[in-house]
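Here's the structure we're looking at; comments come further down.
The values are calculated or read from the model by the stated rules, or taken from the named source; none is laboratory data. Quick caveat, the model's predicted, so the values are computed rather than measured. Here Cβ is always computed from backbone atoms with ideal geometry, including for glycine, and neighbour counts include all displayed protein chains. Just so you know, the surface numbers come from the protein's heavy atoms only, side chains and all, with ligands and any DNA or RNA stripped out. Shrake-Rupley method; radii C 1.70, N 1.55, O 1.52, S 1.80 Å.
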Amino acid sequence: MYRFKDLPSSEKPREKMLQFGSEPLSDSELLAILLRTGSKDKTVLQLAQELISTYGLTGLAQMQVYDLKSIKGIGDAKASEIRAVFEIASRLENKTVSKKIKETITGPEDIVEIMIEKLQFTKQELFYTVLLTTKNTIISFEEISRGGLNIASIFPREVFNKAIRQSAAKMILVHNHPSGDPTPSSEDINLTNRLMEAGKLIGIRVLDHIIVGEGEYISLKEQGLIND
């Protein structure tokens, strides 16, 4: 195994960044700067290249600390730093998304315009609620479930908890199908009707459930698949 310190400066990620800036660096080189050190049998650049090859940036971004720690060569410190960087990136993305939010939601296409970039290509199933005022102004987007989503295991208390705390009057349900096909399952429809009934009791109206696929979406309300 070659030693990282023996590489010429022009091939070391940190030195390359200092000389040329961050844009010319590959994903693995940027990750190597973050990792700082390799493992017993891999240099930091080899470790970074292996992680990018195996998981890609998207896969790493979706991992939690315990997932990262299961990878050979990633301990508490590296796992925490990787998770922190992607969390910062996610928060910046959310701030950018919030700038696109329209004053008033008039239909499902308004929600999809905001959410589709976040949902359409992810390999994890994500379930969100969009909380609204009485005038259909967005209060917030709330993530309810991530990864290994089992629609049947989503309970009303999880869905309505933040809505109650934020005094929402209405909500729209949004989740993605990683297969790319937004066709709703019977479980999707049953869950929506169950949550609509719960919302009536609580006083928070569930307006719609939007399922996002690859470049397309389906509104259960528009399809007449839910009880209004």
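Within region 128-189, list the GluC sites (Glu not before Pro) lying in a DSSP loop whose Cβ has at most 14 other Cβ atoms in a 10 Å radius.
none
Across the cross-link table entries LYS42/LYS123; LYS12/LYS118; LYS123/LYS200, which are compared at the Cα atoms, the separations over 31 Å belong to LYS12/LYS118; LYS123/LYS200. Pairs of Cα atoms nearer than 8 Å and 6+ residues apart set the relative contact order; for the chain it is 13 percent.
Within a Cβ distance under 11 Å of ALA79, other residues only, what is the Lys/Arg minus Asp/Glu net charge? Around ALA79, the charge tally is 0. Expressed to the nearest 5 percent, the antiparallel share of DSSP beta bridges inside the chain is 70 percent. Computed 3J(HN,Hα) for region 124-131, one whole-Hz value per residue from the Karplus formula 6.51 cos²θ - 1.76 cosθ + 1.60 where θ = phi - 60°, is 9, 7, 10, 10, 10, 10, 9, 8, glycine and proline marked x. Of all DSSP bridge pairs formed entirely within region 108-219, close to 70 percent run antiparallel. When nucleic acids and ligands are ignored and a 1.4 Å probe is applied, SER186 ends up with an accessible area of around 70 Å².
Bridgeable aspartates and glutamates around LYS72 (alpha carbons under 12 Å apart, same-chain partners fewer than 8 residues away excluded): ASP41, GLU50.
In this entry, region 108-219 is assigned a mean projected area of 6.1 nm², taken as a quarter of its C-alpha convex hull surface. Counting only chymotrypsin sites (Phe, Trp or Tyr not before Pro) that DSSP places in a loop and that have at most 16 other Cβ atoms within 10 Å, the longest clean stretch of the chain runs over 3-120.
Please give the FRET efficiency for SER179 paired with GLU15, using the beta carbon to beta carbon distance and R0 = 35 Å, rounded to the nearest 0.05.
Efficiency computed from Cβ-Cβ geometry: 0.20.
If the segment from ALA89 to GLU23 were pulled out straight at 0.36 nm per residue, it would be longer than the present Cα-Cα gap by 22.1 nm.
Scan [x] 42, 18, 15; [y] 32, 19, 16; [z] 28, 19, 18 for the value of semi-axes √(5λ) of the Cα gyration tensor in Å calculated from this model and give just the label. Comparing each candidate, only [x] matches the computed number.
A crude spin-label estimate for the pair GLU158 and THR104, with each label 7 Å from Cα along the Cβ direction, gives 3.4 nm. Note that region 9-99, at 4 °C in a medium of 1.567 mPa s, gets a Stokes-Einstein diffusion coefficient of 94 µm²/s from its Kirkwood radius over C-alpha pairs.
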